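Here is the structure we will look at, set down as structure tokens.
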Amino acid sequence: MNQERYSKQIKLKEFGLPAQQHLQNSKVLIVGAGGLGTPCAQYLNGVGVGTIGLIDDDTISLSNLPRQTMFNESEIGLSKVEILSQKLAAQNPATNFICYKKFLTPANAIGIISNYDVVVDASDNFGTRYLVNDSCVVLNKPFIYGGLHAFEGQVSVLNYQGGPTYRCLFPETSIPNNIQNCDDNGVLGVLPALIGTYQAIEAIKIITVIGTTLSGQLLIIDTLSQSHFKIAVTANPENLKITELKAIYAVPECRGNVISIDAATLNEWQQAGKKISLIDVRTPAEFSNTQLPFSKNIPLGDLQIRHSEIDLSLPVVTICQTGSRSKQAALYLIKETDAKQVFNLQGGLASII
């Protein structure tokens with residue numbers, strides 16, 4: 001190990017040479033070489049992770065370039081993992097790269113993941129996330145989840161030291177089948193770099209045993225308002241009892257889809273005097289800055305303990321800045337309360353103000 005290369009890290013009182021040695025001896029698998037996987041791989045490579053596995057069968061396309069900035073136009077059509085590993089090797093020749101030019105499947109997941117200490121889930125679909133989750137539960141491996149939606153990102157550490165899993169965070173029956181990935185819904189180019197870097201930080205903390213991980217917490221970052229907040233995630237012991245993989249992992253069929261309304265519909269309801277419970281799930285600071293008339297502020301992180309404050313006999317409309325947090329709030333109310341009608345304001349306040 002070249003100590004001069006990592007001297008700035010080694011000088012850290014909480015880190016030192018032992019932590020650097022842990023990184024050198026560690027093996028991290030990154031599932032997905034796209035928007036989340038490329039920045040995560042770049043920084044794990046930079047800090048000195050000894051072995052990095054990259055698995056993806058996708059090729060570089062023009063629409064990837066705004067958020068996958070290690071690629072360029074001359075590489076369109078080429079394998080992501082091959083090009084990424086070449087560039088990372090130039091960045092840090094000491095790293096051992098293992099490339100899997102394939103997608104993760106139930107047939108290969110256990111065999112691949114068993115070779116690594118930590119898994120970074122940088123995939124972009126629910127099927128792969130559940131596959132990563134179940135494989136890590138079977139093998140007792142921790143993994144770092146990252147998710148993107150428009151201008152918002154999410155990060156959590158899962159299946160770590162008895163903590164919650166992805167199925168605790170998102171039970172299959174709570175995933176609406178109208179949720180789209182970034183190819184369908186769009187994403188701001190810089191957001192994946194931010195979330196992928198957060199994933200790298202969590203992987204480093206697990207490997208070196210420093211700091212406090214996001215196990216039991218879902219970190220949500222809203223880049224439009226630059227707000228960061230956490231939601232507590234409770235572990236369901238039943239989700240730790242998985243002993244084998246399913247034959248197929250596809251986007252789950254599910255119940256409890258959220259019905260969205262647009263700003264025009266909400267305005268019509270209010271103009272007509274329709275009685276509704278208008279619940280703003282942003283932070284108190286955001287709410288104090290700007291709010292809709294007659295709205296009640298219950299931050300998403302407080303919804304579990306404060307939902308009794310909502311008049312569930314009326315139609316409930318959840319709102320936030322962009323519509324992402326409010327969709328999660330609506331899903332919670334549908335699943336966990338006696339609410340008869342729950343709507344999400346599509347596009348959030350950004351579509352009104």
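Any read-out appearing in this document is the output of simple, stated calculations on the displayed coordinates, not a laboratory observation. As the structure is a computational prediction, the values presented were derived from the model and not from experiment. For neighbour counting, all protein chains shown are included, and Cβ atoms are generated from backbone atoms with ideal geometry for every residue, glycine included.
For the reader, a short list of remarks on this structure follows.
- Antiparallel %, DSSP beta bridges [both residues in the chain], to 5: 35 percent
- On full extension, the segment bounded by Asn289 and Ser74 gains 72.8 nm, given 0.36 nm per residue less the C-alpha separation.
- Sequentially through the stretch 283-296, phi angles give Karplus couplings (6.51, -1.76, 1.60; θ = phi - 60°) of 6, x, 5, 5, 5, 5, 6, 7, 7, 8, x, 6, 8, 10 Hz, Gly and Pro residues having no value and appearing as x.
- Helical mean residue ellipticity (222 nm; -39500 (n - 2.57) per DSSP H run of 4+; nearest 500) of the chain: -9000 deg cm²/dmol
- Listed residue pairs exceeding 19 Å between alpha carbons, taken from Lys246/Lys335; Lys274/Lys335; Lys141/Lys205; Lys230/Lys327; Lys101/Lys205: Lys246/Lys335; Lys274/Lys335; Lys101/Lys205
- Within the stretch 259-351: Cβ-based charge dipole about Cα centre, in debye rounded to nearest 20 (Lys, Arg +1; Asp, Glu -1): 80 debye
- Maximal additional length on extending the Ser114-Ala247 stretch stands at 46.0 nm, based on 0.36 nm per residue less the C-alpha distance.
- What you get for the chain, charging only the Cβ of Lys and Arg (+1) and of Asp and Glu (-1), is a dipole of about 620 debye around the Cα centre.
- Rounded Å value of the spacing that divides the Cα centres of the stretch 263-312 and the stretch 1-23: 49 Å
- Note, ³J(HN,Hα) from phi for the stretch 162-168, Karplus 6.51, -1.76, 1.60, rounded to Hz, x at Gly and Pro: x, x, x, 10, 5, 6, 6
- Once exposed loop trypsin sites (Lys or Arg not before Pro) are cut out (DSSP; at most 16 other Cβ, 10 Å), longest piece of the chain: 103-240
- Centroid-to-centroid separation of the stretch 49-107 and the stretch 121-142 [C-alpha atoms, Å]: 19 Å
- Per-residue Karplus couplings for the stretch 336-345, computed as 6.51 cos²θ - 1.76 cosθ + 1.60 with θ equal to phi - 60°, are listed in order as 10, 10, 9, 4, 8, 9, 10, 10, 10, 7 Hz, Gly and Pro entered as x.
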